[in-house]
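Single-structure report; data block below.
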Amino acid sequence: MLKVLRKPVICGLALALLLPAGMNSVSAANEPVSALEVKPMDERYKNSFTIGAAVEPYQLEGKDAEVLKRHYNSIVAENVMKPINIHPEEGKFNFTEADKIVKFAKENNMDLRGHNLVWHSQVPDWFFLDEEGKPMVNETDPKQREKNKKLLLKRLETHIKTIVKRYKNDVDSWDVVNEVVDDSGELRQSPWYQITGTDYIKVAFETARKYAGKDAKLYINDYNTEIEPKRTAIYNLVKDLLAQGVPIDGIGHQSHIQVGWPSIQEIEKTINMFAGLGLDNQITELDVSLYGWPPTPAYPSYDLIPQSEFERQAAYYDQLFALYEKLGDKISNVTFWGIADNHTWLNDRAEQYNNGVGKDAPFVFDANYNVKPAYWAIMD
Ligand code: XIL
């Protein structure tokens, strides 16, 4: 309620009257339109799902914070809640940065996603070293392997218990495990899997359930959930875990996608498939890249991206959000993996494949926090 009052809704409405739906900022006024002057995205979708953004703590101030407060009613830490950041050494937790995000969410009456408790990436090595400091994955002695497995599961329990208890009253949805299936549809051969089999997945969910708030929801999160054979592999895994009583509430579709890929039909089929298991769906890391994979060639600077690219992207965003809205009773949150085009991990990937230069533009706000054609498309 407070949040609604704080937003200058009148101003947004007045602007909408000036700008016919579907018309982009440049053609309408011949000058850019700020994200701070237009209708809030979260209001637009309030009957269907919350709208989130991934943030770094430095973005909780200045223009980023203003845009966040205006358009988003959910946030998630882009990095600072990951195991390597929050638990760099055994028993030494670093909550300072994570706490800033939690505080911002509370102060602004936003939902909070917790990302993530278990992953093969951005996880410190100490988890996987035995008591003598040797890598557990290399152990061949069956007795020692059994001991190692116990130790790792104990560490996992302590890790999850400490974090989930601390944020019990704050986090609404947890990415309990991230990316446990690989692209070929096999269980990912991470140290977690090599040392414990699938037990780490069960222990992770059971521990999170035990200590999370009663309304908090628990997710299995992954990318390319729309793509076979991975989609069916995740489906079968979750079905099997649910049959064993593992407390999974939903699936997080990262949705690091590209203009035109995957098809809207495949995305629809995916959401319906998982809803058929009784699961909630969340879109957890949405960005719509201008490029294919690998992202090459890429525009060397943001200013060189032609308007036609933004129009092409808007057409896909239009269909995507029409679908999300149609499936609104099966999707509870849509989170963008960033706020505006000035900060996106996709730039790192574009640069990596294009000799250090390459810019992407995945969101609905541009690098100067002005609205893009994609904004008008999803607000229509
Ligand atoms: C990314 C962050 O955006 C980057 O800043 C970081 O360097 C690497 O991780 N899948 C996930 C996210 O689940 O945590 C990743 O975030 C993107 C892919």
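The values are calculated or read from the model by the stated rules, or taken from the named source; none is laboratory data. Predicted model, so just to flag it, every value in this text is computed and none were measured. No Cβ is skipped: glycine too gets one built from the backbone with ideal geometry, and neighbour counts run over all protein chains shown. All accessible areas refer to the heavy atoms of the entire protein, side chains included, with ligands and DNA or RNA removed. Shrake-Rupley method; radii C 1.70, N 1.55, O 1.52, S 1.80 Å.
Look at where the Cα atoms of segment 84-114 and of segment 276-310 average out, and the two centres are 27 Å apart.
Each residue of segment 279-289 was assigned a 3J(HN,Hα) from its phi angle through the Karplus expression (A = 6.51, B = -1.76, C = 1.60, θ = phi - 60°), giving 9, 6, 10, 10, 9, 9, 9, 5, 8, 10, 5 Hz with x at Gly and Pro. The residues of segment 240-334 present an accessible area of 39 Å² per residue when probed at 1.4 Å with all protein chains retained.
Here's how it looks for Asp111: its modeled amide H is under 5 Å from those of Ser74, Ile75, which are all 5 or more places away or on a different chain. Counting only alpha carbon atoms, the long axis of helix 62-71 and the longest principal axis of the chain meet at about 90°. Look at the alpha carbon pairs under 8 Å that are at least 6 residues apart: their mean separation over the length of the chain gives a relative contact order of 18 percent. Along segment 90-99 the Karplus relation, 6.51 cos²θ - 1.76 cosθ + 1.60 evaluated at θ = phi - 60°, assigns HN-Hα couplings of 4, x, 10, 9, 10, 9, 3, 6, 4, 4 Hz to successive residues, with x for each Gly and Pro. Think of it as helices only: each DSSP H run of n ≥ 4 in the chain is worth -39500 (n - 2.57), and spread over all residues that comes to -12000 deg cm²/dmol at 222 nm. Per-residue Karplus couplings for segment 317-327, computed as 6.51 cos²θ - 1.76 cosθ + 1.60 with θ equal to phi - 60°, are listed in order as 4, 4, 5, 5, 6, 4, 5, 4, 5, 4, 9 Hz, Gly and Pro entered as x. In plain terms, the chain from Ser184 to Asp215 could stretch by 7.7 nm, reckoned as 0.36 nm per residue minus the Cα-Cα distance.
Placing one equal scatterer on every Cα of segment 113-245 and applying the Debye formula, the log10 ratio I(q)/I(0) at q = 0.09, 0.19 Å⁻¹ is -0.27, -1.13. Sorted into 10 angstrom bins from 0, the C-alpha pair distances of the chain split as 5, 23, 32, 25, 11, 3, 1, 0 percent. Ranked by the mean number of other Cβ atoms within 10 Å of their residues, highest first, the peptides 183-196, 44-57 come out as 44-57, 183-196.
Computed over protein heavy atoms with a 1.4 Å probe, the accessible surface of segment 56-137 works out to 42 Å² per residue. Placing R0 at 41 angstrom, the Cβ-Cβ distance between Thr232 and Arg145 gives a FRET efficiency of 0.85 after rounding to 0.05. Per-peptide packing, taken as the mean over residues of other Cβ atoms within 10 Å, places 323-332, 276-285, 129-138 in the sequence 276-285, 323-332, 129-138 from highest down. Normalising the average separation of contacting C-alpha pairs (under 8 angstrom, six or more residues apart) by the number of residues puts the relative contact order of segment 52-110 at 39 percent.
Ligands, DNA and RNA left out, the accessible area of the chain computed with a 1.4 Å probe is 51% carbon and sulfur.
Using mean Cβ contacts within 10 Å as the protection proxy, how do 120-126, 359-365 order, highest first?
On the way: 120-126: 14.0, 359-365: 25.1.
Highest mean packing first, the order is 359-365, 120-126.
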